[in-house]
Each structure stands twice: as structure tokens, then as C-alpha cells.
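Student: Before we start, here is the structure in question, set down as C-alpha cells.
The values are calculated or read from the model by the stated rules, or taken from the named source; none is laboratory data. Please read these numbers as outputs of a predicted model, since none were measured by experiment. Cβ atoms come from the backbone with ideal geometry, glycine included; neighbour counts cover every protein chain shown.
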Amino acid sequence: MKYLLSIVVILLSLVSCTSPGTVAAPTLQNAEYRQSSALTEPGTIHIWTSWEGAIFERLQQAVDVFQNTHPQMSFEIQFIPFNQISAAYRTAVENGGGPEILIAPGSIGGELFLSGLAANTSPFLRSEMQVDLQPAAISSVSWEDSLIGVPLVMSGVVMYRNASVFKSAPATFEELKVLSAAASDKKTSVYLDGGFFFTGGHLFGLGSELMDQEGHPELANNRGAAWLSLIKELAEFGPLAFNSDDDLHAFLEGNTGILFDGTWNLNRIRESLGEEKLSIDPWPAVDGRHLSGFVQTDNAYLNPIKLNTSQTASLDFLKFLISPQAQTIFLQAGQIPVHNSLDIPDPFIQKIRSVFEGSTAYPVDPVMDRYSSSLNTALQRLLYEGWSVEDILVQAEQDILRDLDRDYP
């Protein structure tokens, strides 16, 4: 097989030295797309990825399987650490280079797309994605009428339960309150991490929004107040952490009943707690809606300046990556697939995928960094400093607007 694997840690200085002379960053309006046709011409697809370990190995396997039906294509895969990949890719593309495909976390996608460094895949893949993929996965790459990338795998916040502490799943918030009140020790009840990533999904679950269409905050209202009041009540059910692993460690030791935490810790939790004690439950209902957790995806992004020479090959490969065959390969690495129709033998991943159907895609807007920072401060004021809900929301909006004016004049 024509397969070249190079595991390379690319530093920004290296990218700058090997890229062509500086050119203006490409824009989506300038990108010309060719109609997809049969892939017959030989060529090489270059992939940069922050994936490592088991999922990197599965990406290699997916490439091998794809090459069985596309033997004329070769691949070069380069590993770049997560904390370097965005800057490395940006520098390369702005200098006229970079790979055909970037595989990286969804957190960088919005900024790349709005900078013209990731192509809109909607004209080519929307129909396949709408039919075959999880709604939260599609939302995670949706920007207005565009798709900023192709979601490959998912992760997010779910509700873990120690079935030896709480025998049954709370179907409603009121049942969760009753369970926590009945706990013999407050430490064995609900252990909440009050950080925004672990509690912000509930805002959307309650039917609210963070911002309007112009990106301005919409928090100082009844729904924003309902969200903070709910978080305050949750914090009273048991111990409290804040953007730390204290809650996780207590759950791993079997010392707490319910944990809101990321799916990336699934294997640690079930190995430590034991599969017979572990349950992953649907989000409890509250006031006609339900609690919710944020879902994020790792995505494949198309380099717009490479489309004229590699569009057909790249799109064929991306379609393969969201096919049941490739998604099953990623599943073997313990990843949560984005495809709807896979037969999933792992009961915990089955439950996670079911929970994700009603979960909230983490917003792709690049201003989310400013929102997240201000809302973490707001939650600290709520949980530790005794501010009133009304004052917290008003101040949070002011803080966000200040940061937006500073960073996006």
C-alpha cells in the first residue's frame, strides 16, 4: 500500500521555515469547488492531527481500509500536539501551505472557519450528515447555514451513578433532591463541579440561550436566573468542586453517589468502581424540560487553498470517515461514534450515545472563550461569594461585553 506515516512534532518555527512566502489568508468566497467525480488520479492526502495513542492507531487503520478501494492514493499523517496544532496550521495555511485535512478538537473550529482557514463542507456533505449523524454532532459543526468541518467522534458531560449508593436513577430533579436528602452522609450524595463546562449545559436544557445572533449576552432574564438558582440548589445536595478532579476522585473511591463528569473518564471510572456498580443515566427532567450536558466533537477540517487540487480525494476520504465502517474502527478505540446506526456492543457507550441525543452541543462561536471565563467568575460569585442571582447576571453581561469590546473592536 502507498502509505507513509510520519509522526512529527511540528514546532511553529519549523512550519514558518518550510512554508512558501507569505500570502493573504484564503477566504471561503475565493475558494473554488469542483464537482465530485470518480477518484482515479493518483495523489497524496496530507493529514495533520492532534490525535495520539489508540485513536491515532485507529486513524492509521482507517486509512489502510480506505486504500483497499483507493490504491492509487497515498497518505502522510503528521502528529502535532494539541497545544500547538491550531497555531501551526494557521501559520502554514496563511503562508500558502498546510495539509489537505486537519483533524483536531472542535474548540478551534469556529476561529479557523471565520478566518477563512477551514472550508464550508455543507455543499458536499450536509445530506449524508443529516441522515446518518447524531444531531448534537451536526450542531457542533454548524455555523448559520455552513458546516465548518466534519465531526468524527464525540465526548461530553454525562451523569454517572454509583448503583451501590443510589439504587435507582432519578427521573426528575425532584427525585434527585429526594435521593440526596435520604443519603446517610452528605459526602455520599451528589458531588457537583460548579465550573461552567460542567454546569453550562443545564442553561440550554432549561430552554435558555447564552447570546443573541450578534453575539451579545442574553443572561439577565428569568431563564438565566432559573439556571443559577438550579445550580445553587444542586450545590447544596453534597460536596462541591470547581474545575478540579476532586469530585472524580471521590467517585472513583466509591464515596459519592452521583457525578457529572466527562466521557473521557469512562474507562477510569468503570475500572475503579466496577461495571456492576456503574450506571450512566438520562438527564433528569425539570419544569417540563431536562438537565443537559455539553457535547463536543473532534472534527476534520478541509484546507480551502488545497481544494482545487485535492477536493475529490479529500471529500471521498471524509465521507469514508463518517461511514459505519470507519466509525466502527474509532469505536474500537473507545470513542463515541457520531454515526446513528452502529451496532455498539459496549453497554456504557450505548447509554452515552442515547444521552447525547438530548444533550447540548458546545457553541462553536469563537467568543465562547470570553463567555466561559466570565461565567466561571459568575459561578464562583454564586457558589462561594454570596452574590445575589440578579447582581451576578447583570455583572456577567457587563464583563462579557467588556471583553468583547476589547478583543473584537
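Student: Please go through region 240-261 and give me each residue that is surrounded by 18 or more Cβ atoms within 10 Å (Cβ to Cβ) and not hydrophobic (A, V, I, L, M, F, W, C), ordered by number.
Tutor: Within region 240-261, ASP247, THR256, GLY257, ASP261 qualify.
Student: Can you tell me how many residues within region 250-267 are assigned to a helix (DSSP H, G or I) and either small (Gly, Ala, Ser) or outside the structural domain of ALA181 (by TED's automatic domain parsing) (or both)?
Tutor: Adding up the residues that qualify gives 1.
Student: Only one of these conditions is not met by VAL65: (1) crowded, with 21+ Cβ neighbours inside 10 Å; (2) on the phi < 0 side of the Ramachandran plot. Which number is it?
Tutor: Failing condition for VAL65: (1).
Student: Would region 266-276 turn up any residue that is basic (Lys, Arg) and at pLDDT 95 or above?
Tutor: Checked against the condition, which is being basic (Lys, Arg) and at pLDDT 95 or above, region 266-276 yields at least one hit.
Student: Follow-up. Might you let me know whether region 324-346 holds any residue that is among the acidic types (Asp, Glu), at pLDDT below 95, in contact with a strand residue (DSSP E or B) (Cβ under 8 Å, 6 or more places away or on another chain) and surrounded by fewer than 19 Cβ atoms within 10 Å (Cβ to Cβ)?
Tutor: No, region 324-346 contains no residue that is among the acidic types (Asp, Glu), at pLDDT below 95, in contact with a strand residue (DSSP E or B) (Cβ under 8 Å, 6 or more places away or on another chain) and surrounded by fewer than 19 Cβ atoms within 10 Å (Cβ to Cβ).
Student: Quick check on my filter: what residues within region 259-300 are out of contact with any Pro (no Cβ under 8 Å at 6 or more places or on another chain) and of a type in the set (Val, Ile, Thr)?
Tutor: THR263, ILE269, ILE280, VAL286, VAL295
Student: For region 350-370, what are the residues that are surrounded by 16 or more Cβ atoms within 10 Å (Cβ to Cβ) and either over 17 Å from the mean Cα position of the chain (by Cα) or without any contact (Cβ under 8 Å) to a residue 60 or more places away in the chain (or both)?
Tutor: Correct list: LYS351, ARG370.
Student: Tell me which residues, restricted to region 271-291, are assigned to a helix (DSSP H, G or I) and surrounded by 17 or more Cβ atoms within 10 Å (Cβ to Cβ).
Tutor: LEU273
Student: May I pose another question? Considering each residue of region 160-193, count those that are polar (S, T, N, Q) and in a loop (DSSP other than H, G, I, E, B), and give that number.
Tutor: Of the residues in region 160-193, 4 are polar (S, T, N, Q) and in a loop (DSSP other than H, G, I, E, B).
Student: Right, another one. Can you tell me which condition LYS306 does not meet? The list is (1) basic (Lys, Arg); (2) under 19 Å from PHE204 (Cβ atoms); (3) in contact with a Gly (Cβ under 8 Å, 6 or more places away or on another chain), and all the others hold.
Tutor: (2) is the only condition that LYS306 fails.
Student: Mind checking whether some residue in region 103-121 is β-branched (Val, Ile, Thr), at pLDDT 95 or above, closer than 30 Å to LEU273 by Cα and surrounded by 21 or more Cβ atoms within 10 Å (Cβ to Cβ)?
Tutor: No, the conditions are met nowhere in region 103-121.
Student: Among the residues of region 90-99, is any under 21 Å from PRO151 (Cα atoms), of a type outside the set (A, V, I, L, M), in contact with a strand residue (DSSP E or B) (Cβ under 7 Å, 6 or more places away or on another chain) and not in a loop (DSSP other than H, G, I, E, B)?
Tutor: No; the residues of region 90-99 include none that is under 21 Å from PRO151 (Cα atoms), of a type outside the set (A, V, I, L, M), in contact with a strand residue (DSSP E or B) (Cβ under 7 Å, 6 or more places away or on another chain) and not in a loop (DSSP other than H, G, I, E, B).
Student: Going through region 371-409 one residue at a time, which ones are among the aromatic types (Phe, Trp, Tyr), over 17 Å from LEU230 (Cα atoms) and either surrounded by 17 or more Cβ atoms within 10 Å (Cβ to Cβ) or free of Cβ contacts under 8 Å to residues at least 12 places away in the same chain (or both)?
Tutor: Once the filter is applied, which keeps residues that are among the aromatic types (Phe, Trp, Tyr), over 17 Å from LEU230 (Cα atoms) and either surrounded by 17 or more Cβ atoms within 10 Å (Cβ to Cβ) or free of Cβ contacts under 8 Å to residues at least 12 places away in the same chain (or both), region 371-409 yields only TYR371.
Student: Confirm whether ASP343 is of a type in the set (Asp, Glu) and in a helix (DSSP H, G or I).
Tutor: Taking the combined requirement at face value, the residue does not satisfy it.
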